[in-house]
Structures are given as structure tokens and as C-alpha cells.
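Here the structure is laid out as C-alpha cells; the discussion comes afterwards.
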Amino acid sequence: MPSLFDPIDLGAIHPPNRILMAPLTRGRATPEHVPTPIMAQYYAQRASAGLIITEATGISREGLGWPSAPGLWTNEQIEAWKPVTEAVHRAGGRIVAQIWHMGRLCPPDIIGMQPISASATLAPPRGNNSGRNPYVEARPATKDDIARVLDDYSAATKNALDAGFDGVQLHAANGYLIDQFLRDGTNKREDEYGGAPENRIRLLREATERLVAVAGKDRVGVRLSPNGETQGCDDSDPESVFLPAAMALNDLGIAFLELREVGPNDTFGSTDVPKLSPKIRNVFTNPLVLNQEYDRESAQAALDSGVADAIAFGRPFLANPDLPARFAKNTALNEDDMATWYAPGPEGYTDYPTLEVQAAE
């Protein structure tokens with residue numbers, strides 16, 4: 001079995017190791033969702049990751065409800081991403097853009113309109129917020145809405161390639177728009193996008209087809225979160241929808257599939273719903289990437305078992321820009337500071353020391 005430090009082919013992308021950087025929202029773009037110069041430094045610092053998957057990046061103003069998260073729908077955004085991808089490539093790295101529509105999780109005071117979703121549902125307040133719910137009941141997406149969103153996915157993919165990204169990943173996880181269509185807890189539709197699992201996976205399939213048509217299947221990945229509730233989005237029988245979803249993605253020949261799977265004792269979100277990765281492994285034959293609460297030992301164990309081909313690390317990459325080197329030397333990791341996850345500026349963003357810096361101090 002391969003080690004974390006062995007190379008892997010993800011379609012046309014060739015990571016030198018299997019330690020991927022998971023998408024991590026950081027809120028360092030401008031209020032107009034334009035990437036900033038400090039983001040180039042942040043991502044270049046982490047270029048030793050086998051592959052960087054960017055923070056979730058909006059495909060439209062309608063679909064981006066997170067303050068100061070970046071977008072990929074204007075020329076200004078495309079131009080501002082170019083120094084980021086150039087910096088990563090100069091540092092020897094590879095980077096794909098995770099493209100995102102938040103659906104019902106878009107607060108109207110940020111996007112300036114009522115959000116759309118699969119059905120007229122209301123998301124719960126974020127975290128332990130017991131005050132005013134920033135969300136409102138979503139408007140069920142019409143056929144015209146769906147056509148527009150699919151066009152936006154196509155445009156964002158082209159824009160990502162124009163900005164110098166090596167590919168794109170479709171964000172279909174974590175209770176956002178496509179996940180809202182996948183799960184029966186949020187999809188109450190009675191048309192061809194609702195009801196039976198083969199209908200609920202339709203938007204996922206059509207969106208992925210759009211990405212493939214623009215970038216080619218060898219430069220497209222997808223992220224799913226197949227087990228447990230996330231941001232009020234849940235399903236009564238996850239296996240019945242996520243196995244057919246994985247089979248559909250396998251038929252499209254995408255470069256890799258990433259699964260965020262929570263466990264019963266995880267730090268952020270927990271569930272007793274069994275992980276589906278062993279069953280998805282049987283129906284998805286291209287590289288399978290797992291994510292959530294992995295450390296060096298459990299990551300290698302997942303590779304040894306054959307259930308995973310690579311592991312995407314999130315919080316460890318926040319505080320350890322040289323995570324692969326730290327894993328290779330089996331040294332202690334820096335602790336991340338939650339208070340600075342989304343704060344503006346370099347603190348808790350570009351100021352975490354590498355092993356070389358620590359050795360020189």
C-alpha cells in the first residue's frame with residue numbers, strides 16, 4: 001500500500017504526495033469578494049501540499065453569502081486570483097478552485113435577495129447562536145433558476161482556468177445548494193429534481209457535467225459529505241442517495257472524489273450515522289480522498305486499508321504551512337488559534353512558523 005509521501009495521479013494533476021490541503025474558508029478577500037495579495041502568500045506557504053483545494057469560492061453574487069469570501073464571477077476577481085496561482089506554482093505547488101453556491105445559507109442582507117434552494121426551507125442559526133436567525137426561508141428554485149446556476153458553474157470553471165488554476169472542485173457538501181438537492185430533509189420537490197434518489201442527484205450530475213465540459217474530466221473533483229446532519233441538512237437514508245451519486249460521478253470519470261465524513265466524537269459536528277466511504281470505495285474507482293479529524297497515524301491507516309488513496313487535512317494546515325515536512329519528520333504540530341480563523345490581516349494566517357524558522361529561533 002502507498003504511504004502518505006508517495007506520489008499520486010489525480011487525473012491530469014500529479015501531486016508528489018498524498019497529503020492534500022482541504023478547503024478552508026478564511027475570510028481574507030475584500031467585501032466585494034476580490035482576492036487580496038496576502039492570500040498569495042498564504043497559499044504559497046502551503047505549496048508543499050500534494051494539492052491545495054482553495055477555500056470555497058462563489059460562482060455568483062446570488063450564491064455567496066459569506067462576508068469577505070472570494071468569488072470567481074468578475075474580471076476583477078479573475079485578475080486578483082492570478083497572483084495567487086502564480087505564487088503557488090512558483091513555489092512548486094498545485095492548486096484547484098473549489099466552486100460554491102450556498103443556496104439557503106445565503107443571508108439576504110449579504111446577497112441582497114431571497115436565497116434559492118431545492119424547496120422552501122429555513123436553515124437553523126449557525127453554531128450556538130441563540131439570537132436572531134440570519135437566514136430566511138428559501139425560495140424554491142425554478143427551472144430558470146437551475147439553468148442560470150448551471151451556467152454560473154460553467155462560467156466559474158472557465159474563469160478558474162483563466163486565473164491559472166490547475167482544475168476545479170465542485171462543492172456539493174456541508175449543507176450547501178447541491179447538498180440541499182441531494183437530501184430528502186431539504187428537498188421536497190415533486191418534479192424531476194425531487195423525490196426518488198435518481199432525481200435528487202440530477203443537479204449534482206448536471207453541474208459536474210458542466211465542469212467537465214469546460215475543464216475536462218481530468219481536472220475536475222467533487223466534494224460530498226455523505227453521513228450525518230450538516231447545517232440542518234440531513235437525509236433519512238444516506239446510502240440510498242450517496243451511493244448512486246458516487247456511481248454517477250464514477251461514470252463521468254472525474255479525477256477524484258473527496259468525502260468529508262464525521263464520526264461520533266468529532267470536534268465540529270458528530271454523528272452515529274455510519275461512514276459510507278467503504279461502500280463508496282466499491283463503486284468509485286478513481287482516487288478517493290477522505291477528510292475530517294485525521295492525524296498522521298490515522299491517515300496512513302486509511303491508506304493501508306485501501307479505503308482511501310489520499311487524505312485532505314484542514315485545521316492542521318492552518319497552523320502548519322509545512323505539514324508534509326512535519327509529518328515526514330514526525331514532529332510536533334503548531335496549534336491553531338480559532339479566534340483568528342476568519343479575522344482580517346496576517347495574524348493567525350501567514351505568521352505560523354515553519355520547522356526551519358523554529359530551528360533558527
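The values are calculated or read from the model by the stated rules, or taken from the named source; none is laboratory data. Computed from a prediction, not measured in an experiment: that's the story for all the values here. Neighbour counts are summed over all protein chains in view; Cβ atoms, including those assigned to glycine, are modelled from backbone coordinates with ideal geometry.
Just to be sure before I move on: is residue 161 under 18 Å from the mean Cα position of the chain (by Cα), at pLDDT 95 or above and surrounded by fewer than 24 Cβ atoms within 10 Å (Cβ to Cβ) in the structure I sent? Yes: the conditions hold for residue 161. Comparison of 8, 38 shows that the only residue that is closer than 30 Å to residue 330 by Cα, touching a residue at least 60 places away in the same chain (Cβ under 8 Å), assigned to a helix (DSSP H, G or I) and not hydroxyl-bearing (Ser, Thr, Tyr) is 38. Residue 257 meets the conditions (1) in a loop (DSSP other than H, G, I, E, B); (2) closer than 21 Å to residue 167 by Cα in every case but one. The failed one is (1). For the residues 108, 125, 140, 83, the requirement of being over 29 Å from residue 255 (Cβ atoms) and touching a residue at least 40 places away in the same chain (Cβ under 8 Å) singles out 140. Within the range 61-98, the set of residues being surrounded by fewer than 20 Cβ atoms within 10 Å (Cβ to Cβ) and of a type in the set (Ser, Thr, Tyr) comprises 68, 74.
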